[in-house]
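I am attaching a structure below and will ask some questions about it afterwards.
The values are calculated or read from the model by the stated rules, or taken from the named source; none is laboratory data. Quick caveat: nothing in here was measured; it's all calculated off a predicted structure. Reconstructed Cβ throughout: ideal geometry from the backbone, glycine too, with neighbour counts over all protein chains shown.
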């Protein structure tokens, strides 16, 4: 029985071929998650992971994204600022 050779022009790729199953687009949720966060088990389904995913998608070349980053920074720093202010006022006896 003669040996059947593989056709060198056969383009019927298997199911594991990356061209047959491309990666999801970059705008799908969870694609901007850092590798460390993924190893810890964070996904875009939990609040901390969603925040990381959102912040990871911000592009510093776009003005709206920079504004969003500054707003997020202010929002997260305000409680710390008010706590330190209240603590300083208590220490100085004015609280």
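Return the pairs, sorted by first residue and then second, in which the second residue is part of a helix (DSSP H, G or I) and modelled with pLDDT under 95, the first residue lies in the stretch 72-89 and is closer than 24 Å to residue 55 by Cβ, the beta carbons are less than 9 Å apart, and the residues are 6+ apart or on different chains.
Once the first residue is closer than 24 Å to residue 55 by Cβ and sits in the stretch 72-89, its partners that are part of a helix (DSSP H, G or I) and modelled with pLDDT under 95 give 72/51; 72/54; 72/55.
Name the residue that is surrounded by the fewest Cβ atoms within 10 Å (Cβ to Cβ), counting only residues in the stretch 43-73 that are modelled with pLDDT of 85 or more and in a loop (DSSP other than H, G, I, E, B).
So the residue we want is 61.
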